Amino acid sequence: MGKLEHPHPTGLFQNPAYSHVVAASGTRTIYISGQVALDEKGAIVGAGDLSAQTTQVMKNIGLALAAANATFSDVAKITTYVVNYRPEHRAIIAKARTPFFANMPPPASTLVGVSALAAPEWLIEIEAIAVTG
């Protein structure tokens, strides 16, 4: 099993939603393509609902992790892309995302506002990098 360390840099605010630094050691790195709010049949889940789409995206990441024999505890970094981002979106995304990283240090994280994703009904896309033993 890989090991993730979450050092706390002196002089940086410690936000509970993400880690500033994650040091990963292990023998296997898993790269998960950006996941969107589609179910296994390709249908949109949560049309027009950022919270519902975020939850579905996180479930899809969980399925991708499981396929690689990994879990959310192995995730070192995520990047989130949000269409027409506004500051109030951050709390919506955090509320939907937090349960997937419950009882563990959160990964390093970047949130990027974008004008559009590959399909007009997609509001959010999240990619992940995990490290395992």
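The values are calculated or read from the model by the stated rules, or taken from the named source; none is laboratory data. Everything numeric here is computed off the predicted structure, so don't read it as measured data. When we count neighbours, we look across all protein chains shown, and the Cβ atoms used for this are built from the backbone with ideal geometry, even at glycine. The accessibility values were calculated without ligands, DNA or RNA, using every heavy atom of the protein model including side chains. Shrake-Rupley method; radii C 1.70, N 1.55, O 1.52, S 1.80 Å.
Counting only residues that are surrounded by 13 or more Cβ atoms within 10 Å (Cβ to Cβ) and either among the charged types (D, E, K, R) or touching a Gly at 6+ places or on another chain (Cβ under 8 Å) (or both), which one in the range 16-31 is nearest to residue 79 (Cα to Cα)?
Looking at the filtered set, the residue picked out is 24.
Considering the range 26-68 alone, what residues qualify as being over 19 Å from residue 98 (Cβ atoms), modelled with pLDDT of 95 or more and of a type in the set (Ser, Thr, Tyr)?
29, 31, 33
Before we move on, is residue 62 under 12 Å from the mean Cα position of the chain (by Cα) and either over 18 Å from residue 113 (Cβ atoms) or open to solvent by less than 80 Å² (accessible area, probe 1.4 Å) (or both)?
Yes: the conditions hold for residue 62.
Take the residues in the range 32-44 that are crowded, with 16+ Cβ neighbours inside 10 Å and within 25 Å of residue 69 (Cβ to Cβ), then tell me which one is farthest from the chain's Cα centre (by Cα).
Applying the filter and picking the extreme gives 38.
Going by what's in this entry, would residue 68 be described as small (Gly, Ala, Ser), more than 22 Å from residue 3 (Cα to Cα) and touching a residue at least 40 places away in the same chain (Cβ under 8 Å)?
So residue 68 fails the test.
Could you pull out the residue among 77, 95 that is of a type in the set (Lys, Arg) and closer than 19 Å to residue 25 by Cα?
Exactly one residue qualifies, and that residue is 77.
Restricting attention to the range 119-126, does a residue exist that is at pLDDT 95 or above, of a type in the set (Asp, Glu) and surrounded by fewer than 12 Cβ atoms within 10 Å (Cβ to Cβ)?
No, the range 119-126 contains no residue that is at pLDDT 95 or above, of a type in the set (Asp, Glu) and surrounded by fewer than 12 Cβ atoms within 10 Å (Cβ to Cβ).
Out of all the residues in the range 11-46, which are charged (D, E, K, R) and in contact (Cβ under 8 Å) with a residue 12 or more places away in the chain?
Those that are charged (D, E, K, R) and in contact (Cβ under 8 Å) with a residue 12 or more places away in the chain: 28, 39.
Only one residue in 110, 10, 71 is among the β-branched types (Val, Ile, Thr), at pLDDT 95 or above, on the phi < 0 side of the Ramachandran plot and open to solvent by 70 Å² or more (accessible area, probe 1.4 Å), so which one is that?
71
Filter the range 80-114 for residues that are over 22 Å from residue 43 (Cα atoms) and small (Gly, Ala, Ser) and give the result.
91, 94, 102, 108, 109, 113
Can you pull out every residue in the range 79-105 that is modelled with pLDDT of 95 or more, surrounded by 14 or more Cβ atoms within 10 Å (Cβ to Cβ) and out of contact with any helix residue (DSSP H, G or I) (no Cβ under 8 Å at 6 or more places or on another chain)?
Residues satisfying the conditions are 79, 81, 83, 85, 90, 94.
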